[in-house]
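Data block below; observations after.
The values are calculated or read from the model by the stated rules, or taken from the named source; none is laboratory data. Since the model is a prediction, treat every value here as computed from it, not as a measurement. Don't worry about glycine lacking a Cβ; one is built from the backbone with ideal geometry, like all the others, and counts go over all protein chains shown. For accessibility, only protein heavy atoms count, side chains too; no ligands or nucleic acids. Shrake-Rupley method; radii C 1.70, N 1.55, O 1.52, S 1.80 Å.
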Amino acid sequence: MTLREAVLVFPICLLSMVAADSSRNVSPPAINSGCTSCSEPWVVHIKADGKNDTIHHIWGMHAAPSFLFATTDLSSELKINWKKLQAGEEKSIQFDSPPNYIFGFTIPNLILFNDLNDTGKLDGIPAKDRQVVSMSEFEWEVQETFNDSTREAAVIFKTSKFRGELLPNDTHINIQMAAYGVDGRSTVLPHLIRTPESAQFDMVLDHLFLNLNSTEDLTLEKKPDYYPMSGFAKPRWALDVILFSAEIADEKKMQISKQKSLDDENTPGVFHLDEITTPLTESGGQGGYLQWRPVSYLTSDRDINFSTFPNINESFPFLKNITLAKSSLAYALLGEDLLTRVTATTTVAFGQPKDNFYTGSNYTTWTVAMGQGSPPIETFSTMVIIVISLGVGIPVLMFLIGGIVIASRRCRQSSDQLLLN
């Protein structure tokens, strides 16, 4: 799948329906701007200028992949001290003026676990059946970029090395990030809604066979179909995830909610929508959110018949140790202040009973929308409304016509009887 096929495309015929003050001008991706010694995509910056403010989308793949946005005044510019950033110092990324809001997430670790009970969940898995893989052991490259004027800007990141060794061509992690300037919906399953205040994260774990037991220089499985996987007979992948915001921490935590829908038009076979919101969003303010369909596809054509679940640990404890986040852009922007903000640590494990574990397909996806304000609400499309209206309206119309015909016949019969009398 090429980036042009995968990016979120909004039909031109609908652009005229978008109010001018709700759209944003999206800049092309700026990769490592000002850095002459960066071999990896340390910082990708996209500006989305609105009528009154700017949303800065900031993504980085070095060490712990990080994806965040910061809302600032229109005149505020991003400042990066590359020497401090590469040295891992805090607050090496700043703005001309303090941001109005910051929200995002980072992935410090992958976790390979042995799901002996076939639950698809990481909860209750003992330490001996887990192997933690730091994301800092991977090296990344930019595979492709895309920019379409005011509508969207996107980047595909791909792993190139693991522990210093080149990865085989069919072994990689792909992460596609896209930022938007108008309302619309993804053309790629699970067809999440996009807004001018949102971005989308799409991750693929493709033939991710890593020999984690080896103590020699050889770190990659020579046979992608090697079974068991690094000593685990029933292997699955999971992620460590840290969510963070600029909101000052108190007793309120990030919340998860699950929405139900009668309509699966956009995501066949999936009738739920999951959301994580910050306390500010919960109170009706311009906080942050994550939104996703609870489905992970097991093939590149993303067929519901070959899918599994992303299982989220919903306890959401606050980040209590800065070490886990120290290699992320969250630390580069907020530093030790992260421990005083509304944060959440969680895990996402991929699987469900009887899906044949990771080795059954060697492919897993996870797609998440990230934005500011209230999460968009799923509604019936115009086509569905027309179909429902016709389905209900035609029988009602036929009933009314039938009633009128019967009534008119009875009236005619009554008139005939009167004439005969």
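Here are the numbers for this structure:
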{"read-out": "Rough spin-label spacing in nm, given labels placed 7 Å along Cα→Cβ, for Arg409 and Ser97", "value": "7.7 nm"}
{"read-out": "Modelled FRET efficiency - R0 25 Å, Glu265 with Ser22, Cβ distances, 0.05 increments", "value": "0.60"}
{"read-out": "FRET efficiency, Cys38 to Lys258 (Cβ-Cβ, R0 41 Å, nearest 0.05)", "value": "0.50"}
{"read-out": "Across Lys128/Lys234; Lys91/Lys326; Lys234/Lys354, pairs whose alpha-carbon gap is larger than 22 Å", "value": "none"}
{"read-out": "Solvent-accessible surface (1.4 angstrom probe) belonging to His45, in square angstrom, nearest 10", "value": "30 Å²"}
{"read-out": "HN-Hα J in Hz across region 86-99 - Karplus 6.51, -1.76, 1.60, θ = phi - 60°, x for Gly and Pro", "value": "6, 8, x, 7, 6, 6, 7, 10, 9, 10, 4, 10, x, x"}
{"read-out": "Where labels lie 7 Å past Cα in the beta-carbon direction, separation of Gln352 and Met398 in nm", "value": "3.6 nm"}
{"read-out": "Cβ-derived FRET efficiency at R0 35 Å, Phe318 paired with Lys83, nearest 0.05", "value": "0.65"}
{"read-out": "Mean Cβ neighbour count within 10 Å, used as a protection proxy, ranking 238-244, 165-171, 194-200 highest first", "value": "194-200, 238-244, 165-171"}
{"read-out": "Contact order normalised by residue count of region 28-185, Cα under 8 Å, 6+ apart, percent", "value": "18 percent"}
{"read-out": "Rel. contact order, % - alpha carbon contacts under 8 angstrom, at least six apart, region 287-365", "value": "38 percent"}
